[in-house]
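Input: a single structure, listed below in structure tokens.
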Amino acid sequence: MKGVTTGLNAWLLQRVSAVYLLLFIIAIPVLLTLQDVTSYQEWKRFMAHPSLVAAWGLFFISIIGHAWVGIRDVVIDYVHNFKIRMLVMVMLALWLIAMLIWALQVLLISQGGAA
Amino acid sequence: MLNKSRPVFLNLLQIRLPITAIASILHRVSGVLLFLAIPTFIYLVQLSLQSQAGFEAVLSIASSMPVKLLGVLLLWALIHHLFAGVRFLLLDVDIGITRSTARASAWLVSLSALLVSILLVGVCL
């Protein structure tokens, strides 16, 4: 845990995830347009492609890691009382972990659901 | 915290932030907005994949006026965050670090983020 809460590792996580998020956010609308995804069936098929499941999985992991470092910086800047700061950071970490589990669940369950 | 008697000047009406600081604080504000949007985003992806009805519900939610206005704000937040983020990544590797270049690039990302948001809204509406 300490590895992504302090110093150089957090800095690196923020930068590496930023680059991936940038590429992903450009790539998805381009792919949706090129493949002309407009109906539910096409959207479902688009999201079921193995490489896209992997890309979305990495996207959710990246965005949660990126959000963690960013929101952690905000908390460190504005919450000066150590105990309150720790409490807020633990709550935010739990929140983000829950979001990640939810997102990955959505991604994987959508594979098995009625097409 | 170390020196409690240090002078503090925080009159926000009198402080004039340089454009680099404005681009920076907007990067933070947009980041917090995007953070807040995460659960809604996951929910919409979930709903859109659940069923035909869910997919159509997402489309009709997206076309309601209040959601559109919120969407415009979030679109700007995303684009500003991306542009200003790329600028920070370049600054990290020592590109554009002279004061004049940093100021020019801060103007560039802040204004082009606004402009691109408006253009995208125009294209999508």
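The values are calculated or read from the model by the stated rules, or taken from the named source; none is laboratory data. Bear in mind the structure is a predicted one, so any value in this text is a computation, not a measurement. Methodologically, a virtual Cβ is constructed for each residue, glycine included, from the backbone with ideal geometry; neighbour enumeration extends over all protein chains shown. These area figures cover heavy atoms from the full protein model, side chains too; ligands, DNA and RNA do not enter into them. Shrake-Rupley method; radii C 1.70, N 1.55, O 1.52, S 1.80 Å.
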Requested in this report: Report, as an integer, the average count of C-beta atoms from other chains found within 10 Å of each Cβ along B:49-55.
Outcome: 5
**Report entry** B:Thr101, A:Thr33, ranked by accessible area, largest first (probe 1.4 Å)
**Finding:** A:Thr33, B:Thr101
**Report entry** Relative contact order of chain A, pairs being alpha-carbon contacts under 8 Å that are 6 or more residues apart, as %
**Finding:** 34
Requested in this report: Pick out, from A:Ile71, A:Phe46, A:Pro29, the residue whose Cα sits farthest towards the positive end of the charge dipole of segment A:2-112, with +1 on the Cβ of Lys and Arg and -1 on the Cβ of Asp and Glu.
Outcome: A:Ile71
Query raised in the report: Tell me, what is the 1.4 Å probe accessible area of A:Asp73, in Å² to the nearest 10?
Result: 50
Query - Heavy-atom SASA rank of B:His80, A:His49 (probe 1.4 Å, accessible area, largest first) - result: A:His49, B:His80
Query raised in the report: To the nearest 500 deg cm²/dmol, what mean residue ellipticity at 222 nm is calculated for the protein assembly as shown from DSSP H runs of n ≥ 4 alone, each contributing -39,500 (n - 2.57), summed and divided by the residues?
Result: -28500 deg cm²/dmol
Requested in this report: Step through the residues of segment B:76-85 one at a time and calculate ³J(HN,Hα) from phi using the Karplus curve (6.51 cos²θ - 1.76 cosθ + 1.60, θ = phi - 60°), rounding each to whole Hz and writing x for Gly and Pro.
Outcome: 4, 4, 5, 5, 4, 4, 5, 5, 5, x
Requested in this report: Report the normalised scattering of segment A:10-54 as log10 I(q)/I(0) at q = 0.20, 0.23 Å⁻¹, calculated by the Debye formula with identical scatterers on the alpha carbons.
Outcome: -0.71, -0.82
Requested in this report: Just round it to a whole percent: the fraction of Cα-Cα distances in the protein assembly as shown exceeding 33 Å.
Outcome: 26
Query - Dipole of chain B, positive end: most advanced residue of B:Leu82, B:Pro18, B:Ser112 [Cβ charges, Cα centre] - result: B:Pro18
Report summary line: Counting only protein heavy atoms and leaving out ligands, DNA and RNA, the solvent-accessible surface of B:Val93 at a 1.4 Å probe, in Å² to the nearest 10, equals 100
Requested in this report: From zero up to wherever the largest Cα-Cα distance of segment A:2-112 sits, split into 5 Å bins and tell me the percent of pairs in each.
Outcome: 2, 11, 17, 19, 17, 12, 9, 6, 4, 2, 0
Report task. Note down the accessible area of B:Phe88, probe 1.4 Å, to the nearest 10 Å². Result -> 60
Query raised in the report: How do A:Tyr40, B:Tyr43 stack up against each other in accessible area, from largest to smallest, with a 1.4 angstrom probe?
Result: B:Tyr43, A:Tyr40
Report summary line: Computed curve, chain B, Cα-only Debye sum without solvent term, log₁₀ I(q)/I(0) at 0.15, 0.19, 0.23 Å⁻¹, is -0.85, -1.09, -1.28
Query raised in the report: Residue-wise, which Karplus ³J(HN,Hα) couplings in Hz belong to segment A:56-62, taking 6.51 cos²θ - 1.76 cosθ + 1.60, θ = phi - 60°, and x for glycine or proline?
Result: 5, x, 5, 4, 5, 4, 5
Requested in this report: Summarise the long-distance tail of P(r) for segment B:77-124 by giving the % of C-alpha pairs beyond 16 Å.
Outcome: 40
Report summary line: Each residue of B:82-92 has, on average, a number of other protein chain C-beta atoms within 10 Å of its C-beta equal to 2
Query - Residue-by-residue Karplus 3J(HN,Hα) for segment B:57-72, coefficients 6.51, -1.76, 1.60, Hz, glycine and proline x - result: 4, 4, 4, 6, 4, 5, 9, 7, 4, x, 5, 4, 5, 4, x, 4
